[in-house]
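Enquirer: A single structure is presented below for examination.
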Amino acid sequence: MGKRRKPKLAVWKFASCDGCQLSLLNCVDELPALAERVEIAHFLEASSAVMKGPYDLSLVEGSITTPRDLERILQVRRVSKFLVTIGACATAGGIQALRNFKDVKEFVSIVYARPDYIETLETSTPIADHVPVDFELHGCPIDKRQLLEVIGAFLIGRRPNVPSHSVCIECKLKGTVCVMVAHGTPCLGPVTHAGCGAICPSYHRGCYGCFGPKETPNTASLSREWSRLGASEQEILNVFRGVNANAEAFRKESDLHARRND
């Protein structure tokens, strides 16, 4: 009887800082067991050795920002049975999506001595805007425990069990006092997807929204509360235009405050 083939895992990088790929490399204790279950066929952050596809599971980090990116993500999708996007760049366009609110040609002309050498798109967009995505894992960076859950789930053919509740629930589970209620500190926790373990509120800081909007977030209600606490229209605009600025719920809320601030 022949030896059973290991599933092939591929990790791809587009416009990003590599932080989410490093989350996988940070699974020091878990990687040996993972390597026994899968063939890491393409992961340039870790090895120059590359195996040809097709791949059973592709993890994609980064946003689409260049014409070449557009071509490459179509090819990645064609050779991948399952495609999972990891991190704020891949799921929402990342911090580089701030270009979407301005004229990118102006930025290029200011930053580069020879703008004519720069080939870029007007926008930075998530992978799901261009190809079908089987699952999105949020975070900046992603949580390694959630990443391992996603990989394991796809290997055995089930849906990943990743919580969809807010950071507020994480605060409650940890026994962390609400910084908005106790100290009047503006916080995005009520509208932000869980996954970080409520790090910032645990250190008496408001949540910055690193894991993007939760399901059905009431951003309007939170903005009203921020205003009651003394935040200006500009401050509310700025907080929704962070690493997940292009996520639909955050983008719509920030656009509203941008119009009010004009």
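For every residue, the table says whether it meets (1) loosely packed, with under 12 Cβ neighbours inside 10 Å; (2) in a helix (DSSP H, G or I); (3) touching a helix residue (DSSP H, G or I) at 6+ places or on another chain (Cβ under 8 Å); (4) not assigned by TED's automatic domain parsing to the domain that holds HIS183.
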{"residue": "GLU225", "(1), (2), (3), (4)": "no, yes, yes, no"}
{"residue": "GLY230", "(1), (2), (3), (4)": "yes, no, no, no"}
{"residue": "ILE236", "(1), (2), (3), (4)": "no, yes, yes, no"}
{"residue": "VAL243", "(1), (2), (3), (4)": "no, no, yes, no"}
{"residue": "PHE250", "(1), (2), (3), (4)": "no, yes, yes, no"}
{"residue": "SER254", "(1), (2), (3), (4)": "no, yes, yes, no"}
{"residue": "HIS257", "(1), (2), (3), (4)": "no, yes, yes, no"}
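Enquirer: Among what's in the range 27-82 and is in a loop (DSSP other than H, G, I, E, B) and either within 19 Å of the chain's Cα centre (by Cα) or not assigned by TED's automatic domain parsing to the domain that holds LYS105 (or both), pick the residue that is farthest from SER124 (Cα to Cα). Let's see the steps before the verdict.
Expert: Quick first cut of the range 27-82, residues in a loop (DSSP other than H, G, I, E, B) only: 27-30, 38, 44-54, 62, 65-66, 79.
Narrowing the set further to residues that are either within 19 Å of the chain's Cα centre (by Cα) or not assigned by TED's automatic domain parsing to the domain that holds LYS105 (or both) leaves 27, 45, 62, 65-66.
Working: CYS27: 29, GLU45: 22, GLY62: 10, THR65: 5, THR66: 8 Å.
Looking at residues that are in a loop (DSSP other than H, G, I, E, B) and either within 19 Å of the chain's Cα centre (by Cα) or not assigned by TED's automatic domain parsing to the domain that holds LYS105 (or both), I get CYS27.
Enquirer: Please identify the pairs in which a residue from the range 2-22 that is over 21 Å from ILE95 (Cβ atoms) and part of a strand (DSSP E or B) has its Cβ atom under 6 Å from the Cβ atom of a residue that is β-branched (Val, Ile, Thr) and modelled with pLDDT under 95, counting only partners at least 6 apart or on another chain.
Expert: LEU9/VAL38; LEU9/ILE40
Enquirer: Oh, and also: Taking the range 176-196 only, how many residues are surrounded by 15 or more Cβ atoms within 10 Å (Cβ to Cβ) and assigned to a loop (DSSP other than H, G, I, E, B)?
Expert: 9
Enquirer: Let me ask you something else. What's the total number of residues in the range 112-136 that are touching a helix residue (DSSP H, G or I) at 6+ places or on another chain (Cβ under 6 Å) and small (Gly, Ala, Ser)?
Expert: Of the residues in the range 112-136, 1 are touching a helix residue (DSSP H, G or I) at 6+ places or on another chain (Cβ under 6 Å) and small (Gly, Ala, Ser).
Enquirer: Given the criterion outside any loop (DSSP other than H, G, I, E, B) and exposed (fewer than 14 other Cβ atoms within 10 Å of the Cβ), identify the matching residue among LEU147, LEU173. Please lay out each step first, then the result.
Expert: Working: LEU147 fails: exposed (fewer than 14 other Cβ atoms within 10 Å of the Cβ).
Matching residue, one of LEU147, LEU173: LEU173.
Enquirer: Quick check, is LEU147 within 20 Å of LYS6 (Cα to Cα) and in contact with a strand residue (DSSP E or B) (Cβ under 7 Å, 6 or more places away or on another chain)?
Expert: yes
The values are calculated or read from the model by the stated rules, or taken from the named source; none is laboratory data. Note that the structure is a prediction, hence the values are computed from the model and not measured. So basically every Cβ, Gly included, is an ideal-geometry build from the backbone, and we count neighbours across all protein chains shown.
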